[in-house]
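The values are calculated or read from the model by the stated rules, or taken from the named source; none is laboratory data. As the structure is a prediction and not an experimental result, all values here were calculated from the model. Don't worry about glycine lacking a Cβ; one is built from the backbone with ideal geometry, like all the others, and counts go over all protein chains shown. Calculation scope for accessible area: heavy atoms of the full protein, side chains included, ligands and nucleic acids excluded. Shrake-Rupley method; radii C 1.70, N 1.55, O 1.52, S 1.80 Å.
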Amino acid sequence: MTTLATSTGARYARILGTGSYRGSRVVTNEEMCTMIDSTPEWIEQRTGIRERHWAVEGETPLSMSVQACRSAMDMAGVRPEQIGAIILASVSHHHPSPALADYLARELGCTDPAAFDISAACAGFCYGVALAESLIRAGHAGDDGLVLVVGVERLSDMINIADRGTAFIFGDGAGAAVVGPSQTPGVSPTVWGTKPENVETIEIEHWLSGAGHDTGYPFITMDGRTVFKWALAEVTRHAARTIELAGIRPEELDIFLPHQANDRITDALVRHLHLPENVTVCRDIAEMGNTSASSVPIALDDMIRQGRATSGQTALIIGYGAGLTYAGQIIVIP
Ligand code: UT7
C-alpha cells in the first residue's frame with residue numbers, strides 16, 4: 001500500500017506582532033445625532049460608544065489592511081516574502097472574487113503565500129487566529145511558518161441612516177497580527193461555533209439590493225435585542241469554557257478583550273466570569289464603535305502600543321456576531 005507523506009510544523013504558535021489602522025474621520029455622538037433621532041447620552045449609556053471612526057475617500061478595505069499589516073510585520077520583525085499564508089476576515093469587501101487577501105499579498109510584496117478571505121463577521125479575527133494556529137502546527141504555513149491574520153471593515157458604506165437602532169453603532173478600520181512558531185504555548189484551544197437557529201439575526205442584504213441606496217451598497221440589518229440576549233445567555237458560557245480549556249483560573253488572566261459590540265455586554269461577561277479587579281478590561285468601543293472583524297485586533301494593537309498589554313501577559317479574546325458565530329481563545333501578548 002502506498003504511504004503518503006504528511007506535514008508537521010511547530011509544536012506551538014503565538015502572536016509575534018500586531019498592527020492597526022483607524023478610519024480617519026471621527027464622528028462624535030453629537031454629530032451622529034444630527035443624522036438620527038437620538039441623543040448622545042442615550043447612545044453612550046446603552047452602548048458605551050462616544051465616537052466612531054469612519055473611513056474617508058481613499059481609505060479602502062485594501063489600503064487600511066496594508067497599513068495594519070505593515071505595522072504588524074514591523075513589530076514582529078518579519079519581511080513580506082516570509083509570509084506563508086494570509087487569512088483575511090471581512091464582511092465589507094465588495095468583490096466576491098478574487099479574495100482581498102490576494103490583493104493584499106500583491107500590495108505587501110509577499111511572494112507566494114496561501115491567501116484567502118473568511119466571512120465570520122465579528123468573530124472573524126478569532127476564527128482567523130484559530131486557523132493560523134492550526135496551519136502553523138500542521139506545517140502548512142510556508143518555510144518560516146508565518147501567517148498574517150487580518151480583520152478589516154468599512155461598515156460606514158452599509159449603514160442605513162434611517163434605522164436609528166443600528167446607524168450609530170458601526171465604524172471602520174483594520175487590525176492585523178503576525179502569527180508564527182513558538183517554543184512555548186501562545187494560543188490556547190479555540191472555543192468556537194454557530195447558533196444556526198438565529199442565523200438571520202444580523203444580515204447584510206443581498207448585494208443587488210444595494211443598487212437603490214445612496215451608497216450603492218446593501219444595508220446591515222440587526223435585531224439588536226436578540227443578539228444582546230444571546231450574548232448574555234451564551235457567549236458568557238463560551239468565554240468561561242475558553243478559560244477552562246486553557247487550563248488556567250480567571251484570576252490568572254491579565255487582560256479581557258471581547259468583541260467591542262456593547263459595553264453592557266462586556267460588563268455582563270466580566271461579572272459572569274468573576275474576573276478580579278486587576279484584570280484589564282478593554283473598552284475600545286468608546287472611541288471606535290463596533291468594527292466587526294477588526295474590533296478585536298484594533299483594540300489589541302492599541303493596548304500593546306499604549307503599554308496596557310505587555311509582553312508575556314495573557315489575554316482572553318472572544319468575537320461574536322452575525323451567524324450567530326463566536327470564537328474565543330487565550331493568547332500570550334507579544
Ligand atoms: O457586532 C455584532 C454583535 N452585535 C451586538 O452585540 C449588538 C447587541 N445589541 C445591542 O447592543 C443593543 O441591542 C442595541 C444597542 C443595538 C440597542 O439597545 P437596546 O437597549 O437593546 O435597545 P432596544 O432595541 O431594546 O430599544 C429600546 C428602546 C426602543 O424604544 P421603545 O420601543 O422602548 O419605546 C427603541 O425604539 O430604545 C429605542 N431606541 C432608541 N432611542 C434613542 C432604539 N435606538 C435608539 C436610539 N436612540 N438610537
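A few comments on the model shown:
- Region 307-333 residues that are within 12 Å of residue 257 (Cα to Cα) and in a strand (DSSP E or B), paired with ones that are modelled with pLDDT under 95 and charged (D, E, K, R) (beta carbon under 8 Å, 6 or more apart): 314/252
- Restricting region 111-127 to residues that are of a type in the set (A, V, I, L, M) and not in a helix (DSSP H, G or I), the residue that is least open to solvent (accessible area, probe 1.4 Å): 120
- Within region 175-192, the set of residues being assigned to a loop (DSSP other than H, G, I, E, B) and either over 29 Å from residue 288 (Cβ atoms) or in contact with a helix residue (DSSP H, G or I) (Cβ under 6 Å, 6 or more places away or on another chain) (or both) comprises 183, 184, 185, 188, 189, 190.
- Subset of region 128-177 (residues that are within 16 Å of the ligand (Cβ to nearest atom) and open to solvent by 10 Å² or more (accessible area, probe 1.4 Å)): 154, 156, 159, 160, 161, 162, 163, 164, 165, 169, 170
- In region 245-291, residue most open to solvent (accessible area, probe 1.4 Å) [restricted to those that are part of a helix (DSSP H, G or I), of a type in the set (D, E, K, R) and more than 10 Å from the ligand (Cβ to nearest atom)]: 271
- So residue 226, is it surrounded by fewer than 19 Cβ atoms within 10 Å (Cβ to Cβ) and within 14 Å of the ligand (Cβ to nearest atom): yes
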